[in-house]
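Step one of this worksheet: look at the structure below.
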Amino acid sequence: MNKKEINEIEEKIKCKIKKKLGSGTYGDVYQAINQKKKSFALKIESSNHERLNSEMKIYKQFNNISGIPDIYWYGKIHNKNLLALEYLGPTLEKLYDYCDKKFSLKTVLMIGCQLIDRIKDIHSKNIIHRDLKPDNFLIGFGENKSLIYIIDFGLSKYYLNNSRHIKYSKEKSLTGSLRYASIRNHKG
């Protein structure tokens, strides 16, 4: 994004964009600060993708579920879709690197229990994430620093349709991150 686009977004949603937190295929995520000096994550996508609107609807399915970030605002400014979310701490990937690529057995077990809880909560809403990887699990911030959150529902979909499981289909292109995709996904 250029400086003019950033200034326009800051003016429209009354915030200050501080730094880029990450980027993906469909957009970028920034740390922003509102007028009350509270940080939030701002996900920005160009509107020719339209995945952010679907992602926002999925986030709304998880209202008040532990380990799913709160949504503050969704909207469109010119050719950009924007989603403001709860600000979180580092990813599991960054935390692992910070710990010299070593977690104690206790840490692994504690992380594993929370990851299973997050996936169970998602499946309870008849949704599959389709992009599970260490970069999409983040540690909470502040008072929630021991809680693991799951993010990035841009590739998620409902696996039940009118109480019936969606049909199995073959010869599909890879969905998700190549490094973490299942063998079945690799085989189409």
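The values are calculated or read from the model by the stated rules, or taken from the named source; none is laboratory data. In this text, all values refer to a predicted model and were calculated from it rather than measured experimentally. Virtual Cβ from ideal backbone geometry, glycine too; neighbours counted across all protein chains shown. SASA here: full protein model, heavy atoms, side chains in, ligands and nucleic acids out. Shrake-Rupley method; radii C 1.70, N 1.55, O 1.52, S 1.80 Å.
For the reader, a short list of remarks on this structure follows.
- Once both labels are positioned 7 Å from their Cα atoms along Cα-to-Cβ, the gap between Asn53 and Ser23 label points is 2.5 nm.
- The range 128-137 - phi-based ³J(HN,Hα) in whole Hz, Karplus 6.51/-1.76/1.60, Gly and Pro as x: 10, 6, 6, 8, 6, 6, x, 6, 9, 10
- Highest-first packing order for the peptide set 93-105, 117-129 is 117-129, 93-105, based on the mean count of other beta carbon atoms within 10 Å.
- Percent carbon-and-sulfur accessible area, the chain, ignoring ligands, DNA and RNA, probe 1.4 Å: 51 percent
- Based on Cα contacts under 8 Å between residues 6+ apart, the chain shows a relative contact order of 16 percent.
- For Ile77, the residues whose modelled amide H falls within less than 5 Å of its own, excluding neighbours fewer than 5 places apart on the same chain, are Leu82.
- Spread over its residues, the convex hull of the C-alpha atoms of the chain is 145 Å³ per residue.
- Probing with 1.4 Å while keeping every protein chain in the model, the per residue accessible area of the chain equals 65 Å².
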